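Q: Quick one: structure below, then a few questions.
The values are calculated or read from the model by the stated rules, or taken from the named source; none is laboratory data. All of these numbers come straight from a predicted model, not from anything done at the bench. Backbone-built Cβ (ideal geometry, glycine too); neighbour counts: all protein chains shown.
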C-alpha cells in the first residue's frame, strides 16, 4: 500500500538547536498513527513541517503524494487540522462555524447544507445548532471541532493533543469518532500525552530529543521493552531525554 | 460518520475573491457580536467630540468689555455706542486708567478690552490710518478668538460707514493681543485632532486585537493549515475596521459641522481619500503590533502606550510642537497623526487643495507603504 505520509531524514534546525533530527517514518491510509513524546521532544515542529507550515531544514517528506517543499498549497487542500485549543470560533454559532470551514475548503452550499444536517444528527447536536460555540461544554466543542476538521473529507487529519482537559468519558467518545473517521479511510495523525490513548493507536512512534526512538504497534512495543503498558514503555524511553521541557 | 460519504458535487477550488468574501462576512460577525466593543467604537468619537467641542465653545452674549479711551472723540464714542448696541457685548466701564483694565482682567470681571490711543479720530481722518488695541483673556481660547473677531468686525463696520461718506479709504489697524495664552488653541484645532486620534485608535487597536485573538484562541493555526491564503486573512480583517472607521469619520464630521458649527471649506472627496490612507496607516501599525504581541492585553497595551500617547502629545493639537525641545520636535515627525492633523486642518478649515498638502500626503503615503511592507514581512516570517 502506498504511504500517505512519507518522511525521510526530516530535520529542522533553529540556529544551533536541532528541534527535529533526521526523522523517518511512513503512515498508511486509514491508519491511526500516535505521535508521542515529552514536551520539547520536537513533536510540534515535526507536525508543522508535515502540515506545510514550516519549511524543513533538510530531508524530504511527502503528504498525500505532495512535496512539503514545493506543494504546500496542494497539501493544505488534502489535510484537516485540530489543535488542543479546539480551533473553532466561540462567537460564531455551531452552524456558522461549519459553514465557514466548509466554504474555505470549497464545498458547495448545497453540500454544506446536507452534510451539516448529517453531522448535527450524528453528534446529536441539532438543538444546539444555533447556539454560540462558546456556550457549549468543552467536550462538545472538541467533538464538534474534530467533525469540522474532517468535514471536507481530507486524506489525513492532524490532531495536536486533541483531548487536553477533557474527562475520560468524553475522551472515550472522542476516540469513537476517530475510529469512525479512520474507517472512512481518513488517516489520523495524533499527538497525545495520555498513554491510554496511545493504546488505541494502530502504530505509535515515540520521540526523544528530536529523534524517533521507537516505532511499532503498541503490542510489539510493550513486548520489546518488556513493559505492562504504554506508559511503562514511554517512561523507559523518555527517561533518557537530556533536553528539558520547553 | 456517514455524512462524510455524502456524494458531493464537483468540489471547486474557491476563488480568492470567494474566500475573501467568506472571511469578510465572518469578520463582520465578530465585530457586530461584540456589543461592548461596538459601543466603544462608536461611542468614543461622539464622547470625545462633544467633550472637546462643547467644553471649549461658549456662546457669546453680553460679554463685559472695558474700554480705555485716551481719545474721547467722536470716532471712539461712536464705536463704543456700536459695541454697546450689539447683543454680544456690554460695556463694563469706560476709563482712562489702564490699571483698571488689568484689575478687571485679574478679577475675571471682563473677558476683553479695547484701548483707544490719543488722537484716534484725528489720525483716522487726517492720515487715514489709526490704531487701537483689542485685548482678550486667552485662558479661554475659544471665547477669546470669538470676542476679538466680533470686536474687530464692529470696528471695521464703523470704518466702513464713515469711509462711505468721504473719498479715499480709511484704515484702522486693530492690534489684537491674547493675554494668558498666546498660542490660542481652540475647537478648530481639537476636532481635527480628535479625528486623528480616534481613527488611529480604532484601526490600530482593533486590528491588532482581532489578529492576536485568533492567535490566542488557536484559530489562526487552523486557518494557516487551510488552503486560505494568509494574506487574505489579514486583508479581510482590515475591511470591517476600515468601514467602522469610515462611519466614525462621518459621525465626527457631521457632529463637528452641525453641532459645533465648524466649517468644511475644502473638498470632501480629497478628505475621504486622505482619511482612507491614514486608516490604512493605522491598520498596518495594528498588523505590526499583532506580530509582536502575544496576548490581547499586550496588544491593547502596546496600542495605547505606543499610539494613543504619542498621538496626543505629538500630533500638535494639545501641545504646540514648535515649543518643544528639538529632539522631541524631530520625533514628532515620525508620528503619522501629526501629518494627518495638518492635512485635515488644511482641507477642513482652510479649504486648501491637494497642491497645498502635497508634501504631507506624500510623507503619510511613504509611512504607510513602509509600515505595510514591514508588517507584512514580519507577518510572513512569523508564519515560518
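Q: Going by what's in this entry, would residue B:247 be described as in a helix (DSSP H, G or I), free of Cβ contacts under 8 Å to residues at least 40 places away in the same chain, away from chain A (no Cβ under 11 Å) and surrounded by fewer than 20 Cβ atoms within 10 Å (Cβ to Cβ)?
A: No.
Q: Taking the range B:293-305 as the search range and keeping residues that are in contact (Cβ under 8 Å) with a residue 24 or more places away in the chain and in a helix (DSSP H, G or I), which one is surrounded by the fewest Cβ atoms within 10 Å (Cβ to Cβ)?
A: If we filter the range B:293-305 for residues that are in contact (Cβ under 8 Å) with a residue 24 or more places away in the chain, which is where we start, we get B:293-296, B:298-300, B:302-304.
Checking which are in a helix (DSSP H, G or I) leaves us with B:296, B:298-300, B:302-304.
Values: B:296: 18, B:298: 16, B:299: 27, B:300: 16, B:302: 21, B:303: 25, B:304: 13.
Looking at residues that are in contact (Cβ under 8 Å) with a residue 24 or more places away in the chain and in a helix (DSSP H, G or I), I get B:304.
Q: Another question, then. Can you tell me which condition residue A:70 does not meet? The list is (1) within 13 Å of another protein chain (Cβ to nearest Cβ); (2) free of Cβ contacts under 8 Å to residues at least 24 places away in the same chain, and all the others hold.
A: Going through the list (1) within 13 Å of another protein chain (Cβ to nearest Cβ); (2) free of Cβ contacts under 8 Å to residues at least 24 places away in the same chain, residue A:70 breaks only (1).
Q: Could we say that residue A:52 is within 9 Å of another protein chain (Cβ to nearest Cβ), crowded, with 19+ Cβ neighbours inside 10 Å and over 24 Å from residue A:166 (Cα atoms) here?
A: On the way: within 9 Å of another protein chain (Cβ to nearest Cβ): yes; crowded, with 19+ Cβ neighbours inside 10 Å: yes; over 24 Å from residue A:166 (Cα atoms): yes.
Judged against the criteria, residue A:52 is a match.
Yes/no matrix, rows are residues, columns are (1) crowded, with 20+ Cβ neighbours inside 10 Å; (2) within 14 Å of chain A (Cβ to nearest Cβ):
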position: B:278; (1), (2): yes, no
position: B:289; (1), (2): yes, no
position: B:343; (1), (2): yes, no
position: B:352; (1), (2): no, no
position: B:373; (1), (2): no, no
position: B:380; (1), (2): no, yes
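Q: If you don't mind, there's one more thing I want to ask. Suppose we keep only residues that are touching a residue at least 40 places away in the same chain (Cβ under 8 Å) and closer than 20 Å to residue B:285 by Cβ within the range B:319-337. Which one would you say is surrounded by the most Cβ atoms within 10 Å (Cβ to Cβ)?
A: B:337
Q: Another question, then. Test residue B:112 against the stated conditions and say whether it is in the same structural domain as residue B:76 (by TED's automatic domain parsing), surrounded by 14 or more Cβ atoms within 10 Å (Cβ to Cβ) and over 30 Å from the mean Cα position of the chain (by Cα).
A: So residue B:112 does not fit the description; no.
Q: Determine which single condition residue A:153 fails, assuming it passes every other condition in (1) more than 12 Å from the chain's Cα centre (by Cα); (2) surrounded by fewer than 20 Cβ atoms within 10 Å (Cβ to Cβ).
A: (2)
Q: Which one of B:252, B:209 is in contact with a helix residue (DSSP H, G or I) (Cβ under 6 Å, 6 or more places away or on another chain) and within 14 Å of another protein chain (Cβ to nearest Cβ)?
A: Numbers: B:252 fails: within 14 Å of another protein chain (Cβ to nearest Cβ).
When all the criteria are applied, what remains is B:209.
Q: Hey, among B:84, B:90, which residue is over 30 Å from residue B:242 (Cβ atoms), without any contact (Cβ under 8 Å) to a residue 12 or more places away in the chain and exposed (fewer than 15 other Cβ atoms within 10 Å of the Cβ)?
A: On the way: B:90 fails: without any contact (Cβ under 8 Å) to a residue 12 or more places away in the chain.
Exactly one residue qualifies, and that residue is B:84.
Q: For the subset of the range A:148-178 comprising residues that are in contact (Cβ under 8 Å) with a residue 40 or more places away in the chain and not in a loop (DSSP other than H, G, I, E, B), which member is farthest from residue A:35 (Cα to Cα)?
A: It comes out as A:148.
Q: Right, here's the next one. Restrict the check to the range A:34-43 and report whether at least one residue is closer than 17 Å to residue A:188 by Cα, at the interface with chain B (Cβ under 9 Å from one of its Cβ atoms) and either buried (at least 18 other Cβ atoms within 10 Å of the Cβ) or touching a residue at least 12 places away in the same chain (Cβ under 8 Å) (or both).
A: No, the conditions are met nowhere in the range A:34-43.
Q: Kindly indicate whether residue A:89 is within 9 Å of chain B (Cβ to nearest Cβ), at pLDDT 90 or above and part of a loop (DSSP other than H, G, I, E, B).
A: Answer is yes for this residue.
Q: Output the number of residues of the range A:157-170 satisfying the condition of being out of contact with any helix residue (DSSP H, G or I) (no Cβ under 7 Å at 6 or more places or on another chain) and buried (at least 24 other Cβ atoms within 10 Å of the Cβ).
A: 1
Q: Only one of A:112, A:95 is touching a residue at least 12 places away in the same chain (Cβ under 8 Å) and away from every other protein chain (no Cβ under 11 Å). Can you tell me which?
A: Values: A:112 fails: away from every other protein chain (no Cβ under 11 Å).
Selected residue: A:95, the only one of A:112, A:95 that is touching a residue at least 12 places away in the same chain (Cβ under 8 Å) and away from every other protein chain (no Cβ under 11 Å).
Q: Looking at (1) at pLDDT 90 or above; (2) under 25 Å from residue A:42 (Cβ atoms), which is the one condition that is false for residue A:151?
A: (2)
Q: Also, I was wondering about something else. If you take just the helices (runs of 4 or more DSSP H) that sit entirely in the range A:186-239, which of them hold at least 1 residues that are closer than 21 Å to residue A:5 by Cα?
A: Output list reads A:195-200, A:218-224.
Q: Which of the residues spanning the range A:8-41 are closer than 17 Å to residue A:52 by Cβ and more than 16 Å from the chain's Cα centre (by Cα)?
A: A:8, A:10, A:11, A:12, A:19, A:20, A:23
Q: Could you pull out the residue among B:41, B:56 that is modelled with pLDDT under 85, buried (at least 17 other Cβ atoms within 10 Å of the Cβ) and closer than 30 Å to residue B:228 by Cα?
A: Sole residue among the options that is modelled with pLDDT under 85, buried (at least 17 other Cβ atoms within 10 Å of the Cβ) and closer than 30 Å to residue B:228 by Cα: B:41.
Q: Only one of A:103, A:80 is within 24 Å of residue A:48 (Cα to Cα), at the interface with chain B (Cβ under 10 Å from one of its Cβ atoms), assigned to a strand (DSSP E or B) and in contact with a helix residue (DSSP H, G or I) (Cβ under 9 Å, 6 or more places away or on another chain). Can you tell me which?
A: None of the other options fit; the residue is A:80.
Conditions (1) at pLDDT 80 or above; (2) assigned to a helix (DSSP H, G or I); (3) buried (at least 19 other Cβ atoms within 10 Å of the Cβ), marked per residue:
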{"residue": "B:136", "(1), (2), (3)": "yes, no, yes"}
{"residue": "B:143", "(1), (2), (3)": "no, yes, yes"}
{"residue": "B:162", "(1), (2), (3)": "no, yes, no"}
{"residue": "B:210", "(1), (2), (3)": "yes, yes, yes"}
{"residue": "B:214", "(1), (2), (3)": "yes, yes, yes"}
{"residue": "B:222", "(1), (2), (3)": "yes, yes, yes"}
